[in-house]
1. Would you call Leu22 closer than 19 Å to Gly164 by Cα, in contact (Cβ under 8 Å) with a residue 40 or more places away in the chain, over 13 Å from the mean Cα position of the chain (by Cα) and in a strand (DSSP E or B)?
2. Please return the ranges of helices (runs of 4 or more DSSP H) entirely within region 59-172 where 2 or more residues are within 18 Å of Gly39 (Cα to Cα) and more than 18 Å from the chain's Cα centre (by Cα).
3. Given the residues Val6, Val54, which is the only one that is under 19 Å from Asn113 (Cβ atoms) and either buried (at least 18 other Cβ atoms within 10 Å of the Cβ) or at pLDDT 95 or above (or both)?
4. Does Ala86 satisfy the criteria of being in contact (Cβ under 8 Å) with a residue 60 or more places away in the chain and farther than 20 Å from Ser67 by Cβ?
5. Which of the following residues is out of contact with any Cys (no Cβ under 7 Å at 6 or more places or on another chain), under 21 Å from Arg55 (Cα atoms) and either crowded, with 17+ Cβ neighbours inside 10 Å or basic (Lys, Arg) (or both): Lys98, Lys111, Lys91, Lys82?
6. So which of Thr60, Thr71 is polar (S, T, N, Q), buried (at least 18 other Cβ atoms within 10 Å of the Cβ) and touching a Lys or Arg at 6+ places or on another chain (Cβ under 9 Å)?
7. Have a look at Leu76, Leu10, Leu48 and point out the one that is of a type in the set (A, V, I, L, M, F, W, C), in contact (Cβ under 8 Å) with a residue 24 or more places away in the chain and in contact with an Asp or Glu (Cβ under 8 Å, 6 or more places away or on another chain).
8. Sort out which residues of region 38-47 are hydrophobic (A, V, I, L, M, F, W, C) and at pLDDT 95 or above, and write them in order of number.
Amino acid sequence: MKDIDVIEYLPKIITELKQGILLNTKSKDKINSMTIAWGQIGIEWRKLIFTAYVRHSRFTHQQIEKSKEFTVSVPLDRTPVKEAIAYCGTKCGKDINKLSDMNLTVLDGIKVNSPAIKELPLTLECKVIYQKEQDKNNIPKDVIEMFYPDNPLNNGDYHTVYYGEIVGAYII
C-alpha cells in the first residue's frame, strides 16, 4: 500500500463520487458496503474530514452507529467495478454479503476495523468525530421535494451526517 496526500487526489475522489463510490463498515464480524454519491472532503477543527450522508433506514446506518468508523473506496478505473458499485447501491447488506456476491476482495483496514476493497484501491479510513441529524425544517422546499418526497417508499427517511476524520489514506 502507498500512503497518499488526500488533497492531491481530490479531483479524482470528487469525480468518482459523483458517479458512485463505496462506503464500507464493519461491526463485530459483519461487513457491509453501500454506494454513495453524496459527500464532501474538507477541513474542520484543523482535521481533514470526509462527510458522509446515510439514511436512517440503511443497514449501513446501524453499522456506523455501532462502530463509529467507516472506509471510503474509490475506483481508479471504473470499468471493472461499475457493476459491483451498482449492485451495492441496490441491495441491503443485512442478510447478504454484497462484496462476496460481486467477487470483491476485502482487505483489513490499517487504522480502523472497516475494510478496504482491493478493486477500488484509493482508500480513506475514517473515524466518526461528530454526527448530526438533518433538520427537515432547515432544508429548502425544492430539495425536500426532490430528495425527500412524502410517499410511502420514503417514509420521511432523512440522513445522519457523519463527520469522519480521515486517519489513513492510501492506494492498494
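1. No: the conditions fail for Leu22.
2. Fully inside region 59-172 and qualifying: 141-147.
3. Step by step, each of Val6, Val54 is checked, and only Val54 is under 19 Å from Asn113 (Cβ atoms) and either buried (at least 18 other Cβ atoms within 10 Å of the Cβ) or at pLDDT 95 or above (or both).
4. So Ala86 fits the description; yes.
5. Lys91
6. Thr71
7. Leu48
8. The answer is Ile41, Ile43, Trp45.
The values are calculated or read from the model by the stated rules, or taken from the named source; none is laboratory data. Because the structure is a prediction, the values reported are computed rather than measured. Don't worry about glycine lacking a Cβ; one is built from the backbone with ideal geometry, like all the others, and counts go over all protein chains shown.
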